[in-house]
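Please read the structure below before turning to the comments.
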Amino acid sequence: VPAPNPSRLRVPVSPCPRGSVRGIQVFADNRLTLGCSNCYLVYTFNMQSSRQLLAILDRLASPERAIFAVADLRSALPEQSRDQLKVLLSRLVKRGDLQRVCRGIYCYPRARPDPLLVLPRTAARLRAGHFLYLSLESVLSEHGIISQQPLDRLTLMTSGRGGLIDCGDWGCIEFTHSKRGPGDCQGELSYDATRQLWLASPQLAWRDLRFVGRNVDLVDQQLLEELSHADL
């Protein structure tokens, strides 16, 4: 493998600790180092993989589909090992080609997704395969039944694992585990295709709130009762 011309490199170049100057190596801090032919092959492989992944995302992604799990990205590059893919994704995040929403979930900014939809679609992706619906304070706040609910915090019930997921600048997602299934919520769920989530009715969200032992002092009981009668 021919050695690259250091004068053409736009990043700092330093001698390879292995001695021979026959290729280049990429470190985590984006330094390029003259090194052996194996290092050069690794660098070339990673660059080709980056272009391949971005080309696939350009074809598949859209404003409605801009959230991807690591499993999605791994299927696009099946030849990559877990560690290789981890390094590749980290490099793409540093370059701004990908945005890390939370552990295991990435946003493709070139698709120009609606920032307000990143959280709900991330929640749907995180608990894919589990029963999941928006409920509790998020639903009650949307109907004006409860106040002081931050817009950057989603509260959901799920048959999957509970927990609080930090999504950086987008906010956070709170999953509360429930043994309920779809059959227990018949007639009280509606699907929001924009957010790609099932939504609880105000009455179901109120029952969930009491079931999990949350503070109900801020709930407007009169408005809740009026909505209940309006649905009859």
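Within the set L53, L92, L60, L88, the sole residue that is of a type outside the set (F, W, Y) and either free of Cβ contacts under 8 Å to residues at least 12 places away in the same chain or under 15 Å from C167 (Cβ atoms) (or both) turns out to be L60. Might you check whether a residue that is loosely packed, with under 12 Cβ neighbours inside 10 Å, touching a residue at least 60 places away in the same chain (Cβ under 8 Å) and over 30 Å from Q48 (Cβ atoms) occurs anywhere in region 145-157? Yes: one or more hits.
Could you list, in sequence order, the residues of region 197-213 that are open to solvent by 60 Å² or more (accessible area, probe 1.4 Å) and modelled with pLDDT under 95? Within region 197-213, R207, R210, F211, G213 qualify. The sole residue among V118, V139 that is farther than 20 Å from P63 by Cβ, among the β-branched types (V, I, T) and either without any contact (Cβ under 8 Å) to a residue 24 or more places away in the chain or not in a strand (DSSP E or B) (or both) is V139. The one condition from (1) open to solvent by less than 40 Å² (accessible area, probe 1.4 Å); (2) in contact with a strand residue (DSSP E or B) (Cβ under 6 Å, 6 or more places away or on another chain); (3) within 17 Å of L60 (Cβ to Cβ) that R125 does not meet is (1).
Here region 163-204 is the region considered, the condition is being of a type in the set (G, A, S) and out of contact with any strand residue (DSSP E or B) (no Cβ under 8 Å at 6 or more places or on another chain), and the residue that is nearest to L132 (Cα to Cα) is G181.
Residue check: S159 meets all listed conditions (1) under 18 Å from the mean Cα position of the chain (by Cα); (2) farther than 21 Å from V216 by Cα but one, namely (1). Within region 164-186, residues that are within 19 Å of G213 (Cα to Cα) reach partners that are open to solvent by 90 Å² or more (accessible area, probe 1.4 Å) with beta carbons closer than 6 Å, at six or more positions or on different chains, in the pairs E174/L164.
Residues in region 103-115 that are aromatic (F, W, Y) and either assigned to a helix (DSSP H, G or I) or in contact (Cβ under 8 Å) with a residue 40 or more places away in the chain (or both): Y108 only. Of the residues L197, L154, L224, the single one that is touching a Pro at 6+ places or on another chain (Cβ under 7 Å) and either hydroxyl-bearing (S, T, Y) or farther than 29 Å from C102 by Cβ (or both) is L224.
The values are calculated or read from the model by the stated rules, or taken from the named source; none is laboratory data. Not measured: the values here are computed from a predicted model. Glycine gets a Cβ as well: all are built from the backbone with ideal geometry, and neighbour counts include every protein chain shown. These area figures cover heavy atoms from the full protein model, side chains too; ligands, DNA and RNA do not enter into them. Shrake-Rupley method; radii C 1.70, N 1.55, O 1.52, S 1.80 Å.
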